[in-house]
Amino acid sequence: MSAEGGRSVLTVNYPPDRTVMELDLLSVSLGLPQGSADMIKVRVNDEERISIVPDSGFECFTVRLSPGVNAIDVTAFKKGREIDSVEFSVFRRSDLEAAYQKAPADFQKDYFHSKKRKECAECHVLVPTDADKKPVNPASFKAALQEGDKQAIASSSTCYSCHSKITSYPYVHGPASVWSCLSCHDAETEPMYMVKKPDAEVCFSCHVEQGRDWGAKKFIHGPVNTGKCAICHSPHASDNPFNLLKPTWFLCTSCHQKNASGRHIIAGYVYGDSHPTRGKPDPLRNGKELTCASCHNPHASDYPRLWALSAGSAFELCQMCHQK
C-alpha cells in the first residue's frame, strides 16, 4: 500500500528483501519523514511483534525471527488511519533443523558492515574502539560486571546502540556480557566482523580446558567433532542454561527425533512402549529433571553412545538408577 498521493512514507534502509540471517535477532532500520506517522506496527508471519511511536526521521528496532522464511510487514498509521506499509522477507537459517539449513534460491546473505551506510552513520559510530576488545580471559568477565556499572560497560561499546537486544536474555555468554565483541568477531576479515570457522577455533581459545579434555576422549559428539559449537549454543545469550538454543530435550530431539519416545533405551532388554526421557525427576541429580543429558554427555565420553556415567555396558548403565 502507498501513501495518499502515491508518495511512499516508509523506506526500509535495512535489511534488503530476501536476506538470509544466521541468528534469531534481526536489526531493522526504517526511514520516514518526521511527523508523517504517529504509530508504526510490525508483524512477523502475521503476528504483531512491535508497536513504535516514531519521533524522528529514522526508526531502528529489533525483531525476533523463527527458523525459515519470516514475512515482515511494517505499517504506518496517522490518527488511527493506515497511510503506508512495506513488506519484506528474511530467511532465518539454522544448522540445527534440517528443513532450514539451506535458504531458498532467491534469498542471499547481505553483510551490513561490508558497505558504507551513510544514513546510519548520522547517528551511529560504525567503527570499533578499544572498548570493544577487552581481555580474553573467561575469569575476568564476571569480575568486570561486579566492579563496573553494567550499563556503563555496555554503552562504552560502539556495538551496543544497534545490538543491545542480543543480551536481553537470562543467560549471557561472558564476552557478550561485557560487550567484548572483538573477542570473537574479527574486524580485519572480509566481510567485516565475521567469526572464524569452525566455531571451535574461536571457542577453544577461551575454553581451553574443555577443548583439550574433549579432544582426548574416545567418542566425540558430531557437532563437537566438526567444531560447530553454535549448532547447540548461542554465542550471545539465551533463555536456557549453558546458552543452549532450546531446553535440553527439545534441543537433542531436533536431530535425534527417533529417540524422543525413549523406546531406544529399553529395546532388546524388556517389553514395553518407552522409557521416560523428560518430565520426571533425575534419580542421580537432586532437583534436576530427567533429560537426554542424564545418560549422555553432549560433548564427549570414553564410553559408548556418549554415556555420561562410568558404565561398561548398557545394562550396567541402567543399574546406576535401577539398583534392584
Step by step: first the residues of region 188-214, then only those that are over 21 Å from the mean Cα position of the chain (by Cα) and touching a residue at least 24 places away in the same chain (Cβ under 8 Å), then the one that is nearest to Cys159 (Cα to Cα). Which residue is that? Glu190
Going through region 44-87 one residue at a time, which ones are within 20 Å of Arg117 (Cβ to Cβ) and among the small types (Gly, Ala, Ser)? Ser56, Gly57
Please work out which residue is farthest from Cys162 (Cα to Cα), limiting yourself to region 99-131 and to residues that are small (Gly, Ala, Ser) and assigned to a helix (DSSP H, G or I). Ala99
Filtering region 77-88 down to residues that are on the phi < 0 side of the Ramachandran plot and either surrounded by fewer than 16 Cβ atoms within 10 Å (Cβ to Cβ) or without any contact (Cβ under 8 Å) to a residue 40 or more places away in the chain (or both) yields Arg81, Glu82, Glu87
Any chance region 89-98 includes a residue that's in a helix (DSSP H, G or I) and over 19 Å from Cys123 (Cβ atoms)? yes
Those residues of region 6-43 which are part of a strand (DSSP E or B) and of a type in the set (Val, Ile, Thr) amount to Thr11, Val12, Thr19, Val20, Val28, Ile40, Val42
If we ask which residues in region 264-287 are among the small types (Gly, Ala, Ser), surrounded by 12 or more Cβ atoms within 10 Å (Cβ to Cβ) and either modelled with pLDDT of 90 or more or touching a strand residue (DSSP E or B) at 6+ places or on another chain (Cβ under 7 Å) (or both), their number turns out to be 0
Limited to region 66-81, what total is found for residues that are in a strand (DSSP E or B) and either touching a strand residue (DSSP E or B) at 6+ places or on another chain (Cβ under 6 Å) or modelled with pLDDT under 95 (or both)? 9
Of everything in region 44-56, what is loosely packed, with under 15 Cβ neighbours inside 10 Å and not in a strand (DSSP E or B)? Give them in sequence order. Asn45, Asp46, Val53, Asp55, Ser56
When you check Leu290 against the structure, is it touching a strand residue (DSSP E or B) at 6+ places or on another chain (Cβ under 6 Å), outside the structural domain of Ser180 (by TED's automatic domain parsing) and crowded, with 19+ Cβ neighbours inside 10 Å, yes or no? no
Return yes or no: is Asp110 more than 19 Å from the chain's Cα centre (by Cα) and of a type outside the set (Ser, Thr, Tyr)? no
Out of all the residues in region 22-43, is one or more over 20 Å from Lys115 (Cβ atoms), loosely packed, with under 14 Cβ neighbours inside 10 Å and either touching a Leu at 6+ places or on another chain (Cβ under 8 Å) or free of Cβ contacts under 8 Å to residues at least 24 places away in the same chain (or both)? yes
Check Ser205, Ser234, Ser261 and return the single one that is closer than 19 Å to Ala176 by Cβ, small (Gly, Ala, Ser) and surrounded by fewer than 16 Cβ atoms within 10 Å (Cβ to Cβ). Ser205
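The values are calculated or read from the model by the stated rules, or taken from the named source; none is laboratory data. For clarity, every value in this text was computed on a predicted model and none was experimentally measured. As a convention, Cβ positions derive from the backbone with ideal geometry for all residues, glycine included, and neighbour counts pool all protein chains shown.
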